[in-house]
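Asker: So that we are looking at the same thing, I have put the structure below in structure tokens.
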Amino acid sequence: MTRATLLVLADGRFPAGGHAHSGGAEAAVRAGRITDAASLEDFCRGRLHTAGLGAAALAAAAAGGLDPAGLDAAADARTPSPALRTTTRKLGRQLLRAARATWPSPELDALAARFPKGAHQPVVLGAVARVAGLGALDAAHCAAYESVSGPATAVVRLLGLDPFEATAVLARLAPELDRVADRAVEAARHAARAGTEALPAASAPLLEISAEAHAGWPVRLFAS
């Protein structure tokens, strides 16, 4: 494993489809909950400690070798919104397609055959990290970073926010991102002993409700 591998996987230009999704930021902008860098930071912090923590723990558990079917069921149970479940499975399918071309592996081929409609994205992310030679903490960092970098990038397009300000938000959140990744790895270790029920299930009801509303918009810039 090299650290460069982690950079490739976490790079927003990796062709896994994430650029088309705002992580709930588009709905938050329309509702007036994100209007500037300060409110973007609040939104990203809330997302990091809820959806981000859950995704990071699932990715860490998958990277650690836990059964993908059990983890996928756990992800389903932690995603009440049908729109979000559809989104994360689509992103998982796109990530797996890109990863199979980048790191060809029988393990990834088997995962694709096992989930023809796509597994949840964090589960795929952890499996990809494992095949690429990365560890559970790397997978957790990647998932946690994605949970805030997507909204930050989207708000630059949605509001015309200064990209320097958006990047500064991510930099200020970096210490919290590290702590979330550490918590996720510890939760994944516990789940290996106690089952997937031990994984975090932090609630973010507004993200779920907004996702359902966003899915019904006739015109939108982002898919979710």
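The values are calculated or read from the model by the stated rules, or taken from the named source; none is laboratory data. Since the model is a prediction, treat every value here as computed from it, not as a measurement. With ideal geometry, Cβ positions are generated from the backbone for all residues, glycine too; neighbour counts draw on all protein chains shown.
Asker: For VAL128, are the conditions met, namely being buried (at least 24 other Cβ atoms within 10 Å of the Cβ), closer than 22 Å to ALA73 by Cβ, β-branched (Val, Ile, Thr) and within 13 Å of the chain's Cα centre (by Cα)?
Answerer: On the way: buried (at least 24 other Cβ atoms within 10 Å of the Cβ): yes; closer than 22 Å to ALA73 by Cβ: yes; β-branched (Val, Ile, Thr): yes; within 13 Å of the chain's Cα centre (by Cα): no.
No: the conditions fail for VAL128.
Asker: Does ALA110 meet the test of being surrounded by fewer than 16 Cβ atoms within 10 Å (Cβ to Cβ), out of contact with any Asp or Glu (no Cβ under 8 Å at 6 or more places or on another chain) and among the hydrophobic types (A, V, I, L, M, F, W, C)? If you could, list the steps in order and put the result at the bottom.
Answerer: Working: surrounded by fewer than 16 Cβ atoms within 10 Å (Cβ to Cβ): yes; out of contact with any Asp or Glu (no Cβ under 8 Å at 6 or more places or on another chain): yes; among the hydrophobic types (A, V, I, L, M, F, W, C): yes.
So ALA110 fits the description; yes.
Asker: In region 169-196, which residues are small (Gly, Ala, Ser) and farther than 21 Å from CYS142 by Cβ? Write out each step before concluding.
Answerer: Of region 169-196, the ones small (Gly, Ala, Ser) are 171, 174, 181, 184, 187-188, 191-192, 194-195.
ALA194, GLY195, listed by residue number.
Asker: Which number in (1) assigned to a helix (DSSP H, G or I); (2) touching a helix residue (DSSP H, G or I) at 6+ places or on another chain (Cβ under 6 Å); (3) within 30 Å of PHE164 (Cβ to Cβ); (4) of a type outside the set (Phe, Trp, Tyr) marks the one condition that ALA62 misses?
Answerer: (3)
Asker: Here's a follow-up. Which of the residues that make up region 7-60 are modelled with pLDDT under 95 and among the charged types (D, E, K, R)?
Answerer: Passing the criteria: ASP11, ARG13.
Asker: Just to be sure I understand the filter: pairs with C-beta atoms under 8 Å, separated by 6 or more residues or on different chains, first member in region 134-153 and in contact (Cβ under 8 Å) with a residue 40 or more places away in the chain, second member part of a helix (DSSP H, G or I) and hydroxyl-bearing (Ser, Thr, Tyr). Which pairs pass?
Answerer: Short answer, once both residue conditions are applied: LEU134/THR5; ALA152/THR167.
Asker: What single numbered condition from (1) surrounded by fewer than 24 Cβ atoms within 10 Å (Cβ to Cβ); (2) at pLDDT 95 or above fails to hold for PRO116?
Answerer: For PRO116, the failing item is (2).
Asker: Something else about it: Give me the residue from region 42-68 that is surrounded by fewer than 24 Cβ atoms within 10 Å (Cβ to Cβ) and small (Gly, Ala, Ser) and, out of that set, nearest to SER210 (Cα to Cα).
Answerer: Taking the candidates together, the pick is GLY46.
Asker: Let me ask another. Consider region 1-56. How many of its residues are part of a helix (DSSP H, G or I), within 22 Å of ALA181 (Cβ to Cβ) and among the hydrophobic types (A, V, I, L, M, F, W, C)?
Answerer: At the first step, the residues of region 1-56 found to be part of a helix (DSSP H, G or I) are 3-10, 18-20, 25-30, 37-56.
Subset that is within 22 Å of ALA181 (Cβ to Cβ): 3-10, 18, 25, 40-56.
Those still in the list that are among the hydrophobic types (A, V, I, L, M, F, W, C) too: 4, 6-10, 25, 40, 43-44, 48, 51, 53, 55-56.
Residues flagged as part of a helix (DSSP H, G or I), within 22 Å of ALA181 (Cβ to Cβ) and among the hydrophobic types (A, V, I, L, M, F, W, C) within region 1-56 amount to 15.
Asker: When the residues of region 207-224 are filtered to those that are of a type outside the set (Gly, Ala, Ser) and in contact with a Gly (Cβ under 8 Å, 6 or more places away or on another chain), which remaining residue is surrounded by the fewest Cβ atoms within 10 Å (Cβ to Cβ)? Give the steps one after another, and end with the answer.
Answerer: Of region 207-224, the ones of a type outside the set (Gly, Ala, Ser) are 207-209, 212, 214, 217-222.
After this cut, where a residue has to be in contact with a Gly (Cβ under 8 Å, 6 or more places away or on another chain) as well, the list is 207, 214.
Working: LEU207: 20, HIS214: 22.
Once the filter is applied, the top-ranked residue is LEU207.
Asker: Within region 79-89, identify whether any single residue is in contact with a His (Cβ under 9 Å, 6 or more places away or on another chain), in a helix (DSSP H, G or I) and within 18 Å of LEU9 (Cβ to Cβ), and answer yes or no.
Answerer: Taking region 79-89 first, the residues in contact with a His (Cβ under 9 Å, 6 or more places away or on another chain) are 79, 83, 85, 87-89.
Filter again for in a helix (DSSP H, G or I), leaving 83, 85, 87-89.
From what is left, the residues that are within 18 Å of LEU9 (Cβ to Cβ) are 88.
Yes: region 79-89 contains one or more residues that are in contact with a His (Cβ under 9 Å, 6 or more places away or on another chain), in a helix (DSSP H, G or I) and within 18 Å of LEU9 (Cβ to Cβ).
Asker: Something else: Does region 162-173 include one or more residues that are modelled with pLDDT of 95 or more and not in a helix (DSSP H, G or I)?
Answerer: Initial filter on region 162-173 (modelled with pLDDT of 95 or more): 162-173.
Then drop every residue that is not not in a helix (DSSP H, G or I), which leaves 162.
Checked region 162-173: at least one residue is modelled with pLDDT of 95 or more and not in a helix (DSSP H, G or I).
Asker: I've got another one for you. Taking the condition of being hydroxyl-bearing (Ser, Thr, Tyr) and farther than 16 Å from ALA204 by Cα, how many residues in region 37-61 meet it?
Answerer: Restricting attention to region 37-61, the residues satisfying the condition of being hydroxyl-bearing (Ser, Thr, Tyr) are 39, 50.
Now drop any that are not farther than 16 Å from ALA204 by Cα, which leaves 39.
Counting residues in region 37-61 that are hydroxyl-bearing (Ser, Thr, Tyr) and farther than 16 Å from ALA204 by Cα gives 1.
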